[in-house]
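So the structure is just underneath, and the comments pick up after that.
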Amino acid sequence: MTSRLTRTPVPAVGSRRNAGGSSYTPPVADGPRRGASALRGLVVLLSLLCWAAGTAASATAVIAVAEPVRVSRYGAALLTLTFTVVLAHRCGARVRVWGPLVAAGIAVTAVVGVSALYSAMSVVAAVVSAVLAVMITRPAATLLRLLGEYLLAVLVATSGALAVAAWNAPVIYERYHLVVLALALLLTLSVVWGLGAGLHGLGRRGFLLVIGAAVLLALILAYGTAVRAYGSQTVVVALDQAVFWLRDHVGGVPRPAQVLVGLPALVWGIGIRSRRRQGWWMCSFGVVATASITTSLASPQALPGYIGLSTLYSVVLGLLVGLVVRALDPGTPTGGGRGARRAESEATTRPEAARTESLT
């Protein structure tokens, strides 16, 4: 007797689900995502309001108004804390650590009232505002967007200068400026090291340009001190007369470090970042200009009108120099000439995090 074994066919993959002629799609909950987006928008709005309120209150330190003197320091404290939190978020640092730390420093300074603490908070305000002025920018491929990013950096640095003036700390300007510049450069370069993927992506031209910018900055910073200490009396008198003539006739004197290094590097770096992340290395030298702006009102003897006009002249001249360097684009590692560089610029656009998001 022969028995025949029959094998039940195995249904195809997905046939059981589709047997009824319909497919099941799990529901998607949009609530948490919309809630996070709304919370982010609220935080951004609160940051902008704190920036505006802090700037307005800090401005009372340089503008004669019928308000108590403590209002300006309230504005300086608000700006210092706001810039610290925003910079920590932008650079991918721990906001929950740096925010409370700076807030505690502000509270201790207000309670104790020691001059050294006011000087320390003034340094913090100058450094974080100078670095944030560079980090808050975004890459710009067009001239119009480049101008917008450039003016935003100058505006943030100017707010930092008002915060420094509002702290009204007793400082020696030369030492204060060098300390702020050194700290701002170190902080910016440490962040840019990660954003620019180290030095290996710079290429030979880019590396030489970075070294050249560093050497030029050192020469400019050392020149004034060397001339005052070792220069002949004729040279010193000639320089003083040139400064006095500019002050009397145009109301201000452009700063060489801003015009020749900081601002052109910022303009060029913002443009390069639209194509290559190594443009961050050029932007890092933009902190030379922003740190110079944030410390411009540190001295109690500083004249706001003279400082304002000097900054305005530096901003205009630095923009012109930066646009010339941007047109030449000497750091692009391509052998096709300016036409090829222009074609490359138009063909490629490098994405970057939004202004309200972390760069890392």
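The values are calculated or read from the model by the stated rules, or taken from the named source; none is laboratory data. Treat the numbers as computed from the prediction; the structure is a model and nothing was measured. Cβ: placed from backbone, ideal geometry, glycine included. Neighbour counts: every protein chain shown.
State yes or no: is S47 in a helix (DSSP H, G or I) and either within 14 Å of L162 (Cα to Cα) or touching a residue at least 40 places away in the same chain (Cβ under 8 Å) (or both)?
When the stated conditions are applied, S47 does not pass them.
Might you check whether a residue that is over 15 Å from the mean Cα position of the chain (by Cα), part of a helix (DSSP H, G or I) and at pLDDT 75 or above occurs anywhere in region 224-235?
No, region 224-235 contains no residue that is over 15 Å from the mean Cα position of the chain (by Cα), part of a helix (DSSP H, G or I) and at pLDDT 75 or above.
May I ask you to verify whether R96 is touching a residue at least 40 places away in the same chain (Cβ under 8 Å), part of a helix (DSSP H, G or I) and out of contact with any Gly (no Cβ under 9 Å at 6 or more places or on another chain)? It is false that R96 is touching a residue at least 40 places away in the same chain (Cβ under 8 Å), part of a helix (DSSP H, G or I) and out of contact with any Gly (no Cβ under 9 Å at 6 or more places or on another chain).
Of the residues that make up region 263-281, is at least one within 30 Å of S72 (Cβ to Cβ) and part of a helix (DSSP H, G or I)?
yes
For region 253-275, the criterion of a residue being of a type in the set (A, V, I, L, M), over 24 Å from R326 (Cβ atoms) and either under 18 Å from the mean Cα position of the chain (by Cα) or at pLDDT 70 or above (or both) is satisfied by at least one position. Among the listed residues L132, L147, L187, which satisfies the condition of being part of a helix (DSSP H, G or I) and farther than 24 Å from R326 by Cα? Answer to the check: L187. For region 277-331, name all the residues that are touching a Lys or Arg at 6+ places or on another chain (Cβ under 6 Å), modelled with pLDDT under 90 and not charged (D, E, K, R). Passing the criteria: G279, G331. Look through region 332-360, keep the residues that are in contact with an Asp or Glu (Cβ under 9 Å, 6 or more places away or on another chain) and among the polar types (S, T, N, Q), and return whichever of them is modelled with the highest pLDDT. Among residues in region 332-360 that are in contact with an Asp or Glu (Cβ under 9 Å, 6 or more places away or on another chain) and among the polar types (S, T, N, Q), the one modelled with the highest pLDDT is T332.
Being surrounded by fewer than 21 Cβ atoms within 10 Å (Cβ to Cβ), at pLDDT 95 or above and within 26 Å of Q301 (Cβ to Cβ) is a property that L155 has. When you look at C91, is it without any contact (Cβ under 8 Å) to a residue 60 or more places away in the chain and more than 16 Å from A126 (Cα to Cα), yes or no? No.
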